[in-house]
Amino acid sequence: MVISNRPLKFILAALVACLPASGFANSENDSTHVQTEVAHEEKVVSHDNAEAEHVAQDPKAKVDAFIDHHLQDSHDFVFFSDEKENKHYGFPLPVILIDGGLKIFSSSKLHHGEEVAEVDGNFYKLVHGKIYKTDAAGTITFNEHGHPENEKPLDFSITKNVVSMLFVAVLLFFMFTGLAKSYKKGPIPTGFGRVLEPLIIFIRDEIAVPNIGEKKYRKYMGYLLTVFFFVWMLNLLGMTPLGINVTGNIAITVCLAMFTFIITQFSANKDYWGHIFWMPGVPVPMKIILAPIEVLGTLTKPFALLIRLYANITAGHVVIMSLIAMIFVGKNLAADLPISMGLTLFISVIEVLVAFLQAFIFTMLSSLFIGMAVQDHDHAHHHEDETAII
């Protein structure tokens, strides 16, 4: 009996579409945080008890709160939450605070923001993913804009994003050490190294060499390979139902862009600085005017890097979660379900491409900025090319 492969393709497509949908049960503090958000809205915007109760039961408000918390970092890894039983299935992460000394305890003491954690006579409570100092009763004071006014200790906790980055770092370490060892056996890599080698050659021949030059590219290959695979792996990890959104966190993209900025500035030659502070080939008055503009240009480059990565990844998460929410918000399940799943499948496939594309663009622009700093520039075309890049 011959079985057609068409049903298998259909099942595979359905699984891809369901992959982000399963993430709807894996946000940081699903029902608890939604209830916290709604309760907070009641304090800020409610005019009477009836309206506040309506907001609390509004599925659109719950979806908005869910998406908002899905994009945030958290102090717990929650795989599934049971709203009826108010139980969360996952594991806590270590909380590390500096507040009159070092305070280390498990995030289970905070119980997803429902309880007050007492540590060495101090009391802490989790509100909107951030830890605030409070009293034994857990009193939190909100300002007119709905933001907590309580004092915040210095938080160096091992959060979900930190765990994800450590996991990817360890994964990359074993991937590349395995590739290096396979070259000792012969010129052709074995195993998973056969997948890595074409990507490494692609980054070398299509990104590093054209932008930095054959004489100097090897010095920066380590950084370019690291940032490419690091961003790509984190982007792919964000497509899984684990509720991870590392590269959608602007603090992470700022840090990555700062690495490119520091490497660029410390690698720059005198020709690069000459173009910035004393533009060749223009009258002296114009040199004085252009100098501060060029200095500002050195800052806009990493800013363009961080915003591009952050905005694209965040937008992808918001769109996918919003499309899935059609199932829960819509009144006609028979009509909304196929539309929602079809659009989710379409966007999910695009997001897989975007995950690679954003890693490629970040690496390509980083190599371009480094190349502009270390190479001898054509005075006539340098400024025009730089403007086109930004």
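The values are calculated or read from the model by the stated rules, or taken from the named source; none is laboratory data. In this text the structure is predicted, and so the values were computed from the model without any measurement. All Cβ positions, glycine included, derive from the backbone under ideal geometry; neighbour counts span all protein chains shown. When the accessible area is computed, the model is the full protein with side chains, heavy atoms only, and any ligands, DNA or RNA have been set aside. Shrake-Rupley method; radii C 1.70, N 1.55, O 1.52, S 1.80 Å.
Give me the percent relative contact order of region 157-233, please, defined on Cα pairs under 8 angstrom at least 6 residues apart. It rounds to 27 percent for region 157-233. With 18 Å as the limit on Cα-Cα distance, the pairs of LYS219/LYS301; LYS185/LYS219; LYS103/LYS133; LYS130/LYS152; LYS103/LYS130; LYS125/LYS152 that go past it are LYS219/LYS301; LYS185/LYS219.
Relative to the Cα centre, the charge distribution of region 147-305, modelled as +1 at Lys and Arg Cβ and -1 at Asp and Glu Cβ, gives a dipole magnitude of about 680 debye. Counting 0.36 nm for each residue step from TRP278 to LEU171 and taking away their Cα separation leaves a gain of 34.0 nm. In this simple spin-label model, placing a label point 7 Å from the Cα along the Cα-to-Cβ direction at both ILE307 and PHE123 gives a separation of 4.4 nm.
Evaluating 6.51 cos²θ - 1.76 cosθ + 1.60 at θ = phi - 60° for every residue in region 356-364, the Karplus couplings come out as 6, 4, 5, 5, 5, 5, 4, 5, 5 Hz, glycine and proline recorded as x.
Among THR139, THR344, the sequence by solvent-accessible area, most first, with a 1.4 Å probe is THR139, THR344. Classify region 99-188: rounded, prolate or oblate, from the alpha-carbon gyration tensor (a ≥ b ≥ c, eigenvalue square roots; a/c under 1.5 rounded; otherwise prolate if a/b is larger than b/c)? It comes out prolate by the Cα gyration axes. Computed from backbone phi with θ = phi - 60° and the Karplus coefficients 6.51, -1.76 and 1.60, the 3J(HN,Hα) list for region 196-205 is 6, 4, x, 5, 5, 5, 4, 5, 5, 7 Hz; x is used for glycine and proline. Here the gap between LEU353 and LYS287, fully extended at 0.36 nm per residue and compared with their Cα-Cα distance, gives a gain of 19.4 nm.
On the beta carbon distance between THR240 and LEU199, with R0 = 22 Å, the FRET formula returns roughly 0.60. Between the listed residues ASN269, ILE293, VAL231, the Cα displaced farthest toward the positive end of the dipole of region 214-326, a dipole computed from Cβ unit charges relative to the Cα centre, is found at ASN269.
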